[in-house]
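The values are calculated or read from the model by the stated rules, or taken from the named source; none is laboratory data. A quick note: this is a predicted structure, and the numbers were derived from the prediction, not measured. Here the Cβ is made from the backbone with ideal geometry for all residues, glycine too, and neighbour counts use every protein chain on show. Accessible surface areas use protein heavy atoms only, side chains included; no ligands, DNA or RNA. Shrake-Rupley method; radii C 1.70, N 1.55, O 1.52, S 1.80 Å.
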Amino acid sequence: MTALAEDRPGQLEAHFEDTIARDRRIEPRDWVPDRYRATMIRQIAQHAHSEIIGMQPEGNWITRAPSLRRKAVLIAKVQDEAGHGMYLYSAAETLGADRADLTAKLVSGRQKYSSIFNYPTLTYADVGVIGWLVDGAAICNQVPLCRSSYGPYARAMVRICKEESFHQRQGYELLMTMMRGSAAQRAMVQDATNRFWWPSLMMFGPPDDQSPNTAQSMAWGVKRHTNDELRQRFVDMTVPQAGKLGVTLPDPDLSWSSERGHYDFGAVDWDEFTAVVKGHGPCNAQRVAHRKDAHDEGAWVREAAAAHAAKQAARDRDIGPGNTEHGDAG
Amino acid sequence: MDETPVRSEWPLYEVFLRGKRGLNHVHVGSLHAADPQMALHHARDLYTRRNEGVSIWVVAAAEITASSPDEKDPFFAPSGDKVYRHPTFYDIPDDVPHM
């Protein structure tokens with residue numbers, strides 16, 4: 001069927017460009033330029049890896065949650081992160097990526113995940129601050145991606161954004177509860193805020209003048225706003241929330257600019273960001289090692305389930321599916 | 001360095017959900033599972049954590065036969081030139097009621 005299009009050189013590319021220009025979605029099996037495919041696979045895989053690694057900082061606290069209610073909420077949240085990773089790996093696979101291959105690239109350090117998950121979670125207030133700031137920043141980043149030009153990614157993002165709203169609200173509610181508690185609890189919230197504020201701002205990526213891929217990504221509709229635009233939006237949203245909570249954001253330069261109509265804020269330490277991305281954050285090695293152990297220790301389960309399925313299929317072939325316990329199609 | 005990926009022996013299944021009674025099943029994504037029963041359980045855990053479905057279909061991706069995705073494909077040409085199949089093809093005076 002595609003022989004007709006291939007007869008005319010450049011027609012496939014023209015059709016792709018036209019789809020993008022009309023703000024229509026690219027769908028699986030559409031012809032796309034190799035660079036678009038590589039960019040999308042890298043972007044989606046990196047996002048999927050972030051969700052999967054992102055289970056660890058909070059997962060640390062499940063056994064030490066202060067009440068059954070908080071434990072149930074935290075388990076649900078961490079399960080969501082796993083689910084988000086799965087939606088995204090599923091989207092990456094529609095571009096021809098192989099899930100086992102992506103996991104191998106993550107555990108061997110050939111593909112990255114968000115630098116924020118390389119920071120430790122020292123107290124239970126960190127669970128709340130991650131929900132408020134880290135998930136808040138993620139929402140800022142992700143809402144525009146619901147309009148990504150790549151259809152399966154955009155649809156995964158719609159599901160993810162709906163669920164992230166629960167994540168942010170449970171975090172803020174947790175912090176409000178702690179702020180009504182003892183002086184020591186309020187100090188914990190302030191300390192967690194101090195540690196996570198700057199790394200949260202780094203989640204938007206390097207400044208626009210140091211982000212060489214932004215122009216191409218925006219032209220392809222795989223990025224809808226620049227890093228600095230989204231970072232500013234996040235600061236503007238978060239300052240009043242901090243005020244309401246009663247914590248101070250650790251930036252002496254933070255102030256309202258009436259002429260810009262935005263909050264001014266201080267310089268981000270991009271050397272720290274670069275160091276963490278390159279693997280020198282507090283928890284990089286631990287996060288990847290933990291992921292690799294989980295994968296290795298699960299190998300026998302995957303093999304056993306595959307062996308059982310093969311045996312079951314062989315038995316169905318021999319005596320017919322209607323005669324087995326799996327024949328109850330209802 | 002782990003150069004050879006551990007191959008997943010689990011095939012890919014496409015997942016379809018009926019959001020509520022009265023609606024069709026709609027494709028929502030895919031997952032890997034060892035067999036169809038496991039695919040159903042994983043689909044429930046992955047795609048219906050918040051009451052998104054009242055019924056789930058899972059279909060082995062390898063079993064799906066699909067048309068070419070290119071919209072300009074001649075495959076769909078037979079429906080392109082039959083405008084008389086649409087109600088707007090017929091001119092009816094505005095004062096004819098209930099039409």
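If I ask for residues that are β-branched (Val, Ile, Thr) and over 13 Å from the mean Cα position of the chain (by Cα), which ones from region A:41-86 would you list?
Those that are β-branched (Val, Ile, Thr) and over 13 Å from the mean Cα position of the chain (by Cα): A:Ile41, A:Ile62, A:Thr63, A:Val73, A:Ile75.
List the number of the failed condition for A:Ile75; all other conditions in (1) buried (at least 19 other Cβ atoms within 10 Å of the Cβ); (2) more than 8 Å from chain B (Cβ to nearest Cβ); (3) within 18 Å of A:Val127 (Cα to Cα) hold.
Against the list (1) buried (at least 19 other Cβ atoms within 10 Å of the Cβ); (2) more than 8 Å from chain B (Cβ to nearest Cβ); (3) within 18 Å of A:Val127 (Cα to Cα), A:Ile75 comes up short only on (1).
Going by the conditions given, is A:Ser67 more than 17 Å from A:Asp135 (Cβ to Cβ) and open to solvent by 30 Å² or more (accessible area, probe 1.4 Å)?
Judged against the criteria, A:Ser67 is a match.
Give region A:215-273 a look and list any residue that's surrounded by 14 or more Cβ atoms within 10 Å (Cβ to Cβ) and among the basic types (Lys, Arg), or say none.
The answer is A:Lys223, A:Arg224, A:Arg231, A:Arg233.
Given the condition more than 19 Å from the chain's Cα centre (by Cα) and either hydroxyl-bearing (Ser, Thr, Tyr) or assigned to a loop (DSSP other than H, G, I, E, B) (or both), answer yes or no: does some residue in region A:279-295 qualify?
Yes, that holds for at least one residue.
In the list A:Asp126, A:Asp101, which residue meets the criterion of being at negative phi, of a type in the set (Asp, Glu), part of a helix (DSSP H, G or I) and more than 14 Å from every other protein chain (Cβ to nearest Cβ)?
Within the list A:Asp126, A:Asp101, the selection yields A:Asp126.
Among (1) at pLDDT 95 or above; (2) open to solvent by 30 Å² or more (accessible area, probe 1.4 Å); (3) more than 7 Å from chain A (Cβ to nearest Cβ), where does B:Ala39 come up short?
Only one criterion is unmet by B:Ala39, namely (2).
Yes or no: region A:190-201 includes at least one residue that is of a type in the set (A, V, I, L, M, F, W, C) and under 30 Å from A:Gly151 (Cα atoms).
yes
Quick check on B:Trp57: is it in contact with an Asp or Glu (Cβ under 9 Å, 6 or more places away or on another chain) and open to solvent by 50 Å² or more (accessible area, probe 1.4 Å)?
yes
Give the residue, chosen from A:Leu106, A:Leu95, that is modelled with pLDDT of 95 or more, of a type outside the set (Phe, Trp, Tyr), crowded, with 20+ Cβ neighbours inside 10 Å and part of a helix (DSSP H, G or I).
Every option except A:Leu106 fails the conditions.
For the list (1) within 30 Å of A:Ala309 (Cβ to Cβ); (2) without any contact (Cβ under 8 Å) to a residue 12 or more places away in the chain, I need the number of the one condition that B:Met99 fails.
(1)
Of a type in the set (A, V, I, L, M, F, W, C), surrounded by 14 or more Cβ atoms within 10 Å (Cβ to Cβ) and either touching a His at 6+ places or on another chain (Cβ under 7 Å) or at pLDDT below 95 (or both), is that true of A:Val277?
yes
Among the residues of region A:131-151, is any under 25 Å from A:Gly279 (Cα atoms), outside any helix (DSSP H, G or I), open to solvent by less than 50 Å² (accessible area, probe 1.4 Å) and free of Cβ contacts under 8 Å to residues at least 60 places away in the same chain?
no
With A:Pro33, A:Pro57 as the choices, which residue is open to solvent by less than 10 Å² (accessible area, probe 1.4 Å), more than 14 Å from every other protein chain (Cβ to nearest Cβ) and not small (Gly, Ala, Ser)?
A:Pro57
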